[in-house]
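Taking it in order: structure first as structure tokens, then the write-up.
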Amino acid sequence: QGGGLVMIGGIDSYGDGGYVGTEIEKMLPVEISEEYKKDVFLLAKGTVENSFRPIFAKGAESHPIVHLAEPKEDNKRLWENMPLLGGYNYVGRLKPGATVVLEHPVDVSAFGPRIIMAVQNFGAGKVLAFTSDVTPNWGELFQNWRDDKEGWLYSKLWRNALKWLTDQRLHKRLF
């Protein structure tokens, strides 16, 4: 029917959340594995000492999810001033047909920069994977991301994501 799925990271998600081998895993734009359990990723990435600001993947700065302002220079400035994230989940490679939107600025895997946000079409629907967190655990500062001119950017980002995820479904109903 063209629904949408968002998977957001946290301590009990992705490889550590019991999703390996499930229908959810099949839908995700990234590979997951039980190899990335808490004892692996939390030691390196689950602490505030390793905070980071994600960057656009090549060509992704024009993706509608990350479009927060016009012109492009203003949008770029907003992302360059995004609050730091406190951690993220390791995931494997990008699945065929998927797109990386945000990546880690310095951490890499055998497949390239670590994925922070990826998207893909799945059947008649769409799927978004965000490997960091939106709760105070890793996303406390992220939740308060604001700009004097553009307002509450955290909210705008997730509204953009929901619009992207549901656009085909809404279009079907309206026409």
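Filtering the range 111-164 to residues that are surrounded by 15 or more Cβ atoms within 10 Å (Cβ to Cβ) and either among the hydroxyl-bearing types (Ser, Thr, Tyr) or touching a His at 6+ places or on another chain (Cβ under 7 Å) (or both) leaves 113, 114, 116, 131, 132, 154, 160. Part of a strand (DSSP E or B) and either within 27 Å of residue 23 (Cα to Cα) or touching a Leu at 6+ places or on another chain (Cβ under 7 Å) (or both): is that true of residue 161 in this structure? For residue 161, the condition - part of a strand (DSSP E or B) and either within 27 Å of residue 23 (Cα to Cα) or touching a Leu at 6+ places or on another chain (Cβ under 7 Å) (or both) - is not met. I'm checking my understanding of the structure. Among residues of the range 20-36 that are in a loop (DSSP other than H, G, I, E, B) and modelled with pLDDT of 95 or more, which one is farthest from residue 5 (Cα to Cα)? Per the stated criteria, the residue is 29. Do you know which of the residues in the range 104-143 that are within 10 Å of the chain's Cα centre (by Cα) and small (Gly, Ala, Ser) is farthest from residue 55 (Cα to Cα)? Ranking the candidates gives 129 first.
Inspection of the range 77-95 finds a residue satisfying the criterion of being in contact with a Pro (Cβ under 9 Å, 6 or more places away or on another chain), open to solvent by 50 Å² or more (accessible area, probe 1.4 Å) and of a type outside the set (Lys, Arg). Every listed requirement among (1) open to solvent by 30 Å² or more (accessible area, probe 1.4 Å); (2) farther than 19 Å from residue 134 by Cα is met by residue 51 save one, (2).
The values are calculated or read from the model by the stated rules, or taken from the named source; none is laboratory data. These figures come from a predicted structure and were not determined experimentally. Glycine gets a Cβ as well: all are built from the backbone with ideal geometry, and neighbour counts include every protein chain shown. Accessible surface is based on the protein model in full, side chains and every heavy atom, while ligands, DNA and RNA are left aside. Shrake-Rupley method; radii C 1.70, N 1.55, O 1.52, S 1.80 Å.
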